[in-house]
Amino acid sequence: MFNARITGTGSYLPEKIVSNKDFESILDTSDEWIYARTGIKQRHVIAPHETTSSMAEIAANNALQAAGVDASEIDLIIVGTSTPDRVFPSTACLLQNKLGTGDCVAFDVQAACSGFIYGLGIANQFIKAGGAKKALIIGAEANSRIMNYEDRTTCVIFGDGAGAVVVEASEETGILSTHMNSDGQYQDLLYVNNPIKDQKQDGAQAYMTMHGNDVYKVAVKTLSRIVDETLEANGMVKSDVDWLIPHQANIRIINSVAKKLKMPMDKVVVTIAEQGNTSAASVPLALDKAVRDGRIKPGETVLMEAFGGGFVWGSALVTM
Ligand code: UT7
């Protein structure tokens, strides 16, 4: 049986940056409030000609290049997204066509902010079962397209972007374990209405709604618990983890999970100030940043975790 190993990472952020100050003229909000409550200073926003699949394409090509893998070798593509270009075909199919991989398994995972972790977990199972040898896992989101810019409780928080990894079958150690979970009883705390169902209403659009404070409380508890569960499943202790890559939802949530892990903040990859919350893209964007700037080195142990609408949450413990 092979292990599944991350052999390359890549990412993409749209050029346009919207600062907290930019919101002050259109909303009853302030740079001070946003930064103090979330840790966010700015976010990237997709251009009109761009889509989730076009961002995913750039991130995927960067990851392929880093892994030294040609697109034609890829036999599995999983895109974690809640903002697909179309209802169907999947963004993964559109990406497959853009990359020119040839025939392969390609599908989207809709697990909100945990979409990338779910994708990584599924790819891990595929590779271990012999169903794939070289996979592309992407988290990509055009969150700005599901924002109500009159709702200050959501639109200042989310940003756009894409992150990708190549995962290959390997005899070396790689993904140590992945953990996925969900609890649908929280469906009304964080959701996007269904534009297909609602389109009969005049002017209905898909918008995100978040009861932030309620989400916050469950997120802190759940993420702290999953950290323990992940380490326990691997017979490891907190000090065995070299890097924490948390979902970038709120700096206060990140701080409390790091504290629980007894992890100094210089061992936690934090991108929220520059990128905001990019949902499924946030973990692979942070991973790529820390790999490319030389912080994360081969052989180091990385704990990734995410939490989002559903609720749906997950983690991955990985030797790089
Ligand atoms: O990625 C998926 C998972 N998502 C998360 O994990 C997000 C978790 N939640 C959070 O990060 C935080 O709850 C938020 C950042 C969303 C909100 O922070 P909070 O400290 O929980 O604030 P709150 O919702 O309790 O609101 C406090 C006050 C309210 O005013 P009143 O009722 O006290 O008068 C809000 O209306 O802040 C107000 N408020 C704002 N004020 C200025 C809400 N949004 C804004 C805003 N600017 N943008």
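No value in this document is a laboratory result; all are computed from the given coordinates. Model, not experiment: these values are computed from the prediction. Glycine also receives a Cβ, built like all others from the backbone with ideal geometry; neighbour counts cover every protein chain displayed.
Structure above, values below:
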| read-out | value |
| --- | --- |
| Label-point separation, LEU27 to ARG145 (7 Å along Cα→Cβ), nm | 2.0 |
| Footprinting exposure proxy for VAL79, VAL302 (fewest neighbouring C-beta atoms within 10 Å first) | VAL302, VAL79 |
| The range 255-314, dipole about Cα centre (Lys/Arg Cβ +1, Asp/Glu Cβ -1), debye to the nearest 20 | 220 |
| Neighbour-count order for MET147, MET236, MET55, fewest beta carbons within 10 angstrom listed first | MET236, MET147, MET55 |
| At 0.890 mPa s and 25 °C, Stokes D of the range 3-170 from Kirkwood alpha-carbon radius, µm² per second | 149 |
| Local net charge near HIS44, Cβ-Cβ under 11 Å (Lys/Arg +1, Asp/Glu -1) | -3 |
| Point-charge dipole on Cβ atoms (K/R +1, D/E -1) for the range 3-170, about Cα centre, debye to 20 | 400 |
| Amide H contacts of LEU176 (H built 1.01 Å from N, under 5 Å, at least 5 apart or other chain) | LEU317, VAL318, THR319 |
| Whole-Å semi-axes of the ellipsoid equivalent to the chain (Cα gyration tensor, √5λ, descending) | 28, 24, 18 |
| Pairs beyond 29 Å (Cα-Cα), from LYS128/LYS260; LYS41/LYS289; LYS262/LYS289; LYS16/LYS98; LYS128/LYS259; LYS98/LYS221 | LYS128/LYS260; LYS128/LYS259; LYS98/LYS221 |
| Rounded FRET efficiency, nearest 0.05, which uses the C-beta distance separating ALA129 from GLU172 and R0 of 22 Å | 0.75 |
| Cβ-based exposure ranking for ASP266, ASP214, in which fewest neighbours within 10 Å come first | ASP266, ASP214 |
| Around GLY139: net Lys/Arg minus Asp/Glu count, Cβ-Cβ under 12 Å | -4 |
| VAL105-LYS221 FRET efficiency (beta carbon distance; Förster radius 30 Å; 0.05 resolution) | 0.25 |
| Estimated FRET transfer efficiency (ILE17, HIS211; beta-carbon r; R0 45 Å; 0.05) | 0.95 |
| Whole-Hz ³J(HN,Hα) from phi, Karplus 6.51 cos²θ - 1.76 cosθ + 1.60, for the range 298-306, glycine and proline x | x, x, 7, 9, 10, 10, 10, 8, 8 |
| Long-range HN-HN contacts of GLY276 with modeled amide H, under 5 Å | LYS41, GLN42 |
| Electrostatic dipole magnitude of the range 176-319 [Cβ: Lys, Arg +1; Asp, Glu -1; Cα centre; debye, to 20] | 280 |
